[in-house]
Structure formats: structure tokens, C-alpha cells
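Structure record follows, encoded as C-alpha cells.
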Amino acid sequence: MVLTLGLVVIASVLLHEGGHALAAKRLGWRVVALRITRRGPALDIRTRDPQVLRTAWAVALAGPLASLVFAAELLFLGVANPMAYALGLFNLVFAVVNLVPMPGSDGRVIAAFVFGSRGRPDASRRAS
């Protein structure tokens, strides 16, 4: 059971990062690698898009959105399976925590878009 739990948590993180990768690919960005850092997993994404600051929020939001969709599916299955329910709650919390503007989170990029669009170019740093 512990092995299953660990595998599903790893799958949850990969699905989250996959959401970022899919959004980046759809915007024409190049996904180079998935790196595991001290802060956790991160995609190495390259783009020559001059409008990167205007589109980065979509890539940042795609990860938590993928986590929310997975959470909804697990919570639905959790009606009959307590383990699925617990994993659904994990993914829900994982998505919400990633939306908090702090260093290394998706929320930092989203906050930068929101505040940067109001004439604050240092919004990413301020948001964290």
C-alpha cells in the first residue's frame, strides 16, 4: 500500500509538470528537460517568444489546473475508495499551494503577470 501511495504521488507530480509542458508546447516553446532540484521538480523550458511575459502565466497555470482535474477525478472515485479520496485531497492541496506566490511556485509567475500588467516589472520578486 505504501508503494502504491508513493507511485501515485510521483504520478501526481509528473502530471502537474506535464500540464506545464503541454501548455509550453502549445505556445511553441521548447521543453528541454524535467529537472529535480532541492525545491522540487522543474521544467527547463526555452522560448524565443518576445511576448514571454504575456504568455508565461498560461504555462504556470497549466500545472495547478492539471492537479485540480486529477484531484476531481480522484475525489469522485474516492466515494467508494478512501485511498483515492485521500490522494484527491493531496492533489487539491498541491494545486492550491502551487498558486501561492512564493519562490519556486507557479503562483509567483501568475502574480508577476497580474502585477506586471499594472506597470510593476519587478512583480515576480515582490510577489514572493
(message) Within 11 Å, Cβ to Cβ, of residue 63, how many net charges do the neighbouring residues add up to if Lys/Arg are +1 and Asp/Glu are -1?
(response) -2
(request) Counting only C-alpha contacts under 8 Å and six or more residues apart, can you give the relative contact order of the chain as a whole percent? (result) 19
(message) With n ≥ 4 as the cut-off for DSSP H runs, can you work out [θ] at 222 nm for the chain, using -39500 (n - 2.57) per run divided by the number of residues, rounded to the nearest 500?
(response) -22000 deg cm²/dmol
(message) Per 0.36 nm of contour for each residue apart, how much would the distance between residue 76 and residue 89 grow if the chain were fully extended, relative to their Cα-Cα spacing?
(response) 3.6 nm
(message) I need the helices of the chain that pass two filters: whole DSSP H segments spanning 27 Å or more by Cα along the axis, and mean Kyte-Doolittle score no lower than 1.6.
(response) 52-77
(request) State the extension gain, in nm to one decimal, for the chain segment bounded by residue 2 and residue 35, taking 0.36 nm per residue of separation less the distance between their alpha-carbons. (result) 9.4 nm
(message) If I model a spin label as a point 7 Å beyond the Cα along the Cα-Cβ vector, how far apart are those points for residue 97 and residue 51 in nm?
(response) 3.5
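Since every read-out is calculated from the coordinates, none of them should be taken as a lab result. Computed from a prediction, not measured in an experiment: that's the story for all the values here. Note: ideal-geometry Cβ built from the backbone for every residue, glycine included; neighbour counts use all protein chains shown.
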